[in-house]
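K.L.:
Please see the structure below; I have some questions.
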Amino acid sequence: MHITGTHFNYYLVCQRKLWLFANAIQMEHTNDTVTEGKLIHETSYPQRPAKYEEIQIEGIKVDFYDAKNKVIHEIKKSSKLHDAHIWQLKYYIYVFQKNGIENVSGILEYPKERKTEEIYLSSIDIERIKEMETEIMNIIKSKKVPPVINASRCKKCSYYDFCYVGEI
Ligand code: SF4
């Protein structure tokens with residue numbers, strides 16, 4: 001199987017979430033995030049010409065690729081899970097590079113917070129991504145579901161009821 005951007009993001013947010021999602025326990029429509037990103041994009045940047053392409057390679061799907069400038073735009077609602085967003089974008093750049101599309105960079109956009117950040121992939125990042133890919137596969141294949149994390153992010157997670165229902 002291919003590791004997708006969603007796997008990568010969930011791995012960084014919560015390993016239990018990654019396991020539940022990868023083992024087909026789905027409490028959410030995975031396209032919601034994509035639709036949301038598109039919606040935020042359309043409402044936040046109506047002045048931008050439709051110059052971005054949608055690209056799908058090796059299980060990842062990038063909605064806004066500026067082919068002319070080789071920039072992947074990733075639009076997020078809030079910067080709360082900033083680290084996960086950075087690595088998800090680095091992972092996209094890594095997959096592009098692995099497939100022969102060199103010198104790609106990324107721009108992380110938080111239109112509601114009026115913030116943008118340029119993201120680049122270093123050789124150290126590539127080594128870390130390879131390690132994370134191994135860890136992701138190990139978690140997914142494990143017979144044991146990882147424990148709950150008791151974090152504030154759980155309240156917004158679609159698995160909240162699944163994880164905490166019945167707990168005192
Ligand atoms: S509710 Fe919390 S512990 Fe459960 S999957 Fe979501 S983030 Fe992980």
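K.L.:
Look through region 14-27, keep the residues that are open to solvent by 20 Å² or more (accessible area, probe 1.4 Å) and assigned to a helix (DSSP H, G or I), and return whichever of them is farthest from residue 150 (Cα to Cα).
P.N.:
The selected residue is 22.
K.L.:
Next up: Can you name the number of the only condition in (1) among the hydrophobic types (A, V, I, L, M, F, W, C); (2) in a helix (DSSP H, G or I); (3) in contact with an Asp or Glu (Cβ under 8 Å, 6 or more places away or on another chain) that residue 124 fails?
P.N.:
Result: residue 124 fails condition (3) only.
K.L.:
Pairs, please: C-beta under 7 Å, at least 6 apart or cross-chain, first residue outside any helix (DSSP H, G or I) and in region 151-163, second at pLDDT below 90 and acidic (Asp, Glu)?
P.N.:
These pairs meet every condition: 158/28.
K.L.:
Follow-up question, since we're still on this one. Name every residue in region 111-157 that is of a type outside the set (A, V, I, L, M, F, W, C), within 10 Å of the ligand (Cβ to nearest atom) and over 23 Å from residue 2 (Cα atoms), in order of residue number.
P.N.:
Result: 147, 150, 152, 153, 155, 156.
K.L.:
For the condition in contact with a His (Cβ under 8 Å, 6 or more places away or on another chain) and of a type in the set (Val, Ile, Thr), what is the one hit in 101, 107, 119, 139?
P.N.:
107
K.L.:
Sticking with this one: In region 110-150, what residues are open to solvent by less than 30 Å² (accessible area, probe 1.4 Å), under 16 Å from the mean Cα position of the chain (by Cα) and in contact (Cβ under 8 Å) with a residue 60 or more places away in the chain?
P.N.:
Scanning region 110-150 gives 132, 136.
K.L.:
Cβ-Cβ under 6 Å, sequence separation 6+ or interchain: first residue in region 80-105 and over 11 Å from residue 119 (Cβ atoms) and without any contact (Cβ under 8 Å) to a residue 40 or more places away in the chain, partner of a type in the set (Asp, Glu) and open to solvent by 20 Å² or more (accessible area, probe 1.4 Å). Which pairs?
P.N.:
95/58
K.L.:
Next question, about the same structure. Determine which single condition residue 53 fails, assuming it passes every other condition in (1) away from the ligand (no atom under 16 Å from the Cβ); (2) open to solvent by less than 30 Å² (accessible area, probe 1.4 Å).
P.N.:
Residue 53 satisfies all of (1) away from the ligand (no atom under 16 Å from the Cβ); (2) open to solvent by less than 30 Å² (accessible area, probe 1.4 Å) except (2).
The values are calculated or read from the model by the stated rules, or taken from the named source; none is laboratory data. What you see is a predicted model; the values in this text were computed from it and never measured. Cβ coordinates were reconstructed from backbone atoms using ideal geometry, including for glycine residues, and neighbour counts include every protein chain displayed. The protein model used for the area step is the full one, side chains on, heavy atoms only, and it has no ligands, DNA or RNA in it. Shrake-Rupley method; radii C 1.70, N 1.55, O 1.52, S 1.80 Å.
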